[in-house]
There are 4 protein chains.
Amino acid sequence: MKKTLVDLNCDMGESFGRYKLGLDEEVIKLISSANVGCGFHGGDPHVMRNTVALAREHGVAVGAHPGLPDLLGFGRREMKVTPEELKDYCIYQIGALKAFVEIAGMKLQHVKVHGALDTMARAHEELTRAMCEATREINPNLVWLAHSGSRAVRIARSMDLNVVQEVYADRAYNADKSLVSRRVPGAVLNDSQEVGGRIKQLIELGTITTIDGQTLELEYDSICVHGDTPGALEIIRTIRGTLADHDVALKPMMELI
Amino acid sequence: MKKTLVDLNCDMGESFGRYKLGLDEEVIKLISSANVGCGFHGGDPHVMRNTVALAREHGVAVGAHPGLPDLLGFGRREMKVTPEELKDYCIYQIGALKAFVEIAGMKLQHVKVHGALDTMARAHEELTRAMCEATREINPNLVWLAHSGSRAVRIARSMDLNVVQEVYADRAYNADKSLVSRRVPGAVLNDSQEVGGRIKQLIELGTITTIDGQTLELEYDSICVHGDTPGALEIIRTIRGTLADHDVALKPMMELI
Amino acid sequence: MKKTLVDLNCDMGESFGRYKLGLDEEVIKLISSANVGCGFHGGDPHVMRNTVALAREHGVAVGAHPGLPDLLGFGRREMKVTPEELKDYCIYQIGALKAFVEIAGMKLQHVKVHGALDTMARAHEELTRAMCEATREINPNLVWLAHSGSRAVRIARSMDLNVVQEVYADRAYNADKSLVSRRVPGAVLNDSQEVGGRIKQLIELGTITTIDGQTLELEYDSICVHGDTPGALEIIRTIRGTLADHDVALKPMMELI
Amino acid sequence: MKKTLVDLNCDMGESFGRYKLGLDEEVIKLISSANVGCGFHGGDPHVMRNTVALAREHGVAVGAHPGLPDLLGFGRREMKVTPEELKDYCIYQIGALKAFVEIAGMKLQHVKVHGALDTMARAHEELTRAMCEATREINPNLVWLAHSGSRAVRIARSMDLNVVQEVYADRAYNADKSLVSRRVPGAVLNDSQEVGGRIKQLIELGTITTIDGQTLELEYDSICVHGDTPGALEIIRTIRGTLADHDVALKPMMELI
């Protein structure tokens, strides 16, 4: 059946004190779900309040985007944490953001883990379980947002979490449905026309072409975009145009389950 | 009317990673309410989980004990934060602890601010308001725990918060109901017999004798104790003995309003 | 006697991890001395290495720019630290930067304190002394860079430090030679022509006109500029043009003592 | 030839702010070299000053004990840092400590890396090289202290560093000269008599018996001890007694090269 609704998600609220990151004020107008930094890898209490307010103003749903306690590395460096530690880091961060969301009169929609946590989830099932447990214990109705076809999706489902699968619009894929490492040339797509073409293929055929030319079927209800460069804004606008051309409307992921 | 119930509160959960502080495992058996560190001045996510579990095991009610973002100074150094910053620091910390408390099947009972925040509250009404707003926005039923007769009590009441007033068992008082600075000799009472005598006077007459010999009437529903030295444990046990001798039972502050 | 040499100093190296601040790569080409962040309020070890390398490449002298341990507040919020704590914070930061500078084959030139430390120095003589002691103990030949005519200048001189006085090119002055607070309209000058005019007056007459129209004589060997906005670059270029028009050449402050 | 001199080294200065760790005031009287925390995994500027002063008072030589930027994990959790990042973290920390040491009128003697850095050094040659480069660039005369017979020893020697090899008095060994993991029963020796026996064997025969009963020859000029429990103090005293019984005197490692 033809897809008529999809979610667009983007990381935001990753500024810290005087340090500004991302074009949140612009991006927020273009997406339906925001993954908001929770103060460990990026974001701070004041940024969290402002980002939630921004999301509310623009009718965008809010999810937690917890990371490793490594501001210096922006949560992008794997750390050998135990599942128990990681679970508690997630509860702490999700709980903190949930307070800001509820004070703003909204409901926390989802959880999407940041940076190295995503990488670590791929390799360590017990860490994925720990993060899913944190999510479920905070609220069993929270959506767990994860890479289409990934092990994290299967684990989260086995734990009865609401799962939404996402596809990355501007990243190349390997044949095993993983993202091509940023260190490999061609991993990040900067050309908005090319990204638009991929989205067209995704909507019409439900497939992505991998970096080595294979055709991959991917289930998804959300498309992940980035918003930290002016070029990224252009890409998001192209994606939205492509979606509109195909009569696909934007909806926060919660409404797509 | 003779007092038959009182709350005993104590700071705990202020360890951090490998750094251990306080005799929480002993103190928890002796009190009715725990003020739990929230990760800024002390405490970390794992410590928070364990402290909440400890409180639950011993039937002790849990409150948030937010502090300044100054782990190096243990939250004891005043910082020129704005009311907006401070409000968000409190929401973040209280929200994070609330998540652990609710996951443990309990309800967050109260908020008591830590260290320099307490000092700053005395001098800056707008900062007290900011902290009270954070508390009220998280949950208007949360108890605001503050020094008996202080300006923070008046401000919190004017904002319709549930206020519980506390007396410090082991600290000397000035005539204006403030605590004598730790830098003044005699500010901290280390003799359990002397503390016991003060508690006796407080129960029987509702008064405290100030450091300069005046008699001060103090309303209270909670007595604050400390638990970071073996001597402190002896003092708490003496206080409990004195309360028992006067048929005063312990109850978490929530049940005393 | 007509001034023929002057130093231009600017803060840099205040990025942190993924967070970029300032236009260091552009500014470095325009100045003679760099005040380099040391990791407390901004800067990190990797940024420090890169900033020192940049300075070396462009023949710019390096000074330490220590701050309060408050990354979240960018070192701009006063903290009630003791002189002993502050002295050790300065030694730590200056020592760390000195290592990078010496490894690059250079000599650390000066110390200029950051943000709230500067404000605190004005009000608390014992804190200024603590910072000067740290500087002197690291190396008695280090230059102490401070506001022209300030108490910090007098204190540093009384402690036998090499002092260089600086004037702020883009900030309004009060009659007591202090900077007008950023909260006051007109405190920051954004118009490069206006700044150029002030520099002209400074070179020709050795005076600055205060915000309330008085004429102030200011001794100086360095002019402080800012480099965090494209407009700031324009201002620095105007200052350099004005200096060139008056045959004033740039020299690192060390060579002006 | 019979050994007549040996160094005893111990980690210290790992307290942080209000958090106290270790029995430094006691241990310092019993050792000849102190590995001093540098503020990343433990230690802070004030603790560093005090620890250096303590070492000076007792004629103990000082080395830097740099760690990962992970105070929450006490530097014991591996982090995927790059060699470039790690080198700069080491320069920063060694440089900071060196300042305190030189201000105290001493010379920095050695570098010994902490916790997970030690583990990571075993697995990643390029990280060991990065740490050795940092040490050499700070000062090529600094001693590199490492496990007897380890790869880090070979790498450091190939880079022309002064290497001192150490044996752990209170830890069990594997046949490949690595320490038995703390998670394995018997990894840590708590019985002072047993440790004394091992030291006797080491002095007399130059060998250690591994956990599986093999005899291992180990070159060494330093013995590493721990000082964070009262039992640890007893062990150090026993070691000193055994050394004295064999007419082996203590000397800082620098004097043994």
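Values as computed for the structure displayed
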{"quantity": "Normalised convex hull volume, chain B, alpha-carbon set, Å³ per residue", "calculated": "117"}
{"quantity": "Per-q log10 I(q)/I(0), the range C:124-257, q = 0.09, 0.11, 0.13, 0.14 Å⁻¹ (Debye; single scatterer per alpha-carbon; no solvent)", "calculated": "-0.29, -0.43, -0.60, -0.69"}
{"quantity": "Net charge contributed by nearby residues that have their C-beta within less than 12 Å of D:D88 (K/R +1, D/E -1)", "calculated": "-3"}
{"quantity": "Antiparallel DSSP beta bridges within chain C, percent to nearest 5", "calculated": "20"}
{"quantity": "For B:A249, label point 7 Å along C-beta direction: distances to other copies, nm", "calculated": "6.0, 7.3, 9.0"}
{"quantity": "Computed accessible area, A:I257, all protein chains, 1.4 angstrom probe, square angstrom", "calculated": "110"}
{"quantity": "Coil-residue trypsin sites (Lys or Arg not before Pro) of the range C:38-101, DSSP, other Cβ within 10 Å capped at 13", "calculated": "none"}
{"quantity": "For chain D, built as a Gaussian network whose Cα springs stay under 10 Å, the top-fluctuating residue of D:G75, D:G206, D:G186", "calculated": "D:G186"}
{"quantity": "For B:Y19, net neighbour charge (Lys/Arg +1, Asp/Glu -1) across residues whose Cβ lies under 14 Å away", "calculated": "-3"}
{"quantity": "The range C:196-257 and the range D:133-160: distance between their alpha carbon centers, rounded to Å", "calculated": "49"}
{"quantity": "Of all chain B residues, the one whose C-beta is nearest the axis that brings B onto C, in angstrom", "calculated": "B:M79, 2"}
{"quantity": "Dipole in debye (nearest 20) - the protein assembly as shown, about Cα centre, beta carbon charges: Lys, Arg +1; Asp, Glu -1", "calculated": "0"}
{"quantity": "Solvent-accessible area buried by pairing B with C, both sides, nearest 100 square angstrom, 1.4 angstrom probe", "calculated": "900"}
{"quantity": "Inter-chain Cβ neighbour average for residues B:11-17, partner chain, 10 Å", "calculated": "3"}
{"quantity": "Accessible surface of the protein assembly as shown [probe 1.4 Å, protein heavy atoms]: carbon and sulfur percent", "calculated": "48"}
{"quantity": "Residue among D:S33, D:S15, D:S181 with the largest mean-square fluctuation in a Gaussian network model of chain D, springs linking Cα atoms under 10 Å", "calculated": "D:S181"}
{"quantity": "Surrounding net charge for D:H65, when Lys and Arg each add one and Asp and Glu each subtract one, Cβ distance under 11 Å", "calculated": "-2"}
{"quantity": "Reach of A:K80 by Cα under 17 Å, taken over lysines that are not fewer than 8 positions away in the same chain", "calculated": "D:K80"}
{"quantity": "Chain C: most fluctuating residue of C:A187, C:A61, C:A169 per GNM, C-alpha cutoff 10 Å", "calculated": "C:A187"}
{"quantity": "Shortest-first nm distances, D:P83 label point to equivalent points in other copies (7 Å, Cα→Cβ)", "calculated": "3.6, 4.8, 5.6"}
{"quantity": "Per residue, in Å², the accessible surface of the range B:159-257 once ligands and nucleic acids are set aside, probe 1.4 Å", "calculated": "48"}
{"quantity": "Averaged over D:100-112, number of beta-carbon atoms from partner chains that fall within 10 Å", "calculated": "2"}
{"quantity": "Debye log10 I(q)/I(0) for the range A:1-126, one point scatterer per Cα, at q = 0.21 Å⁻¹", "calculated": "-1.17"}
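The values are calculated or read from the model by the stated rules, or taken from the named source; none is laboratory data. Fair warning: this is a prediction, and the values are worked out from it, not measured in the lab. Because the Cβ atoms are built from the backbone with ideal geometry, glycine has one as well, and the counts that use them run over all protein chains shown. Each accessible area value is taken on the protein alone, full model and side chains, heavy atoms only, with ligands, DNA and RNA left out. Shrake-Rupley method; radii C 1.70, N 1.55, O 1.52, S 1.80 Å.
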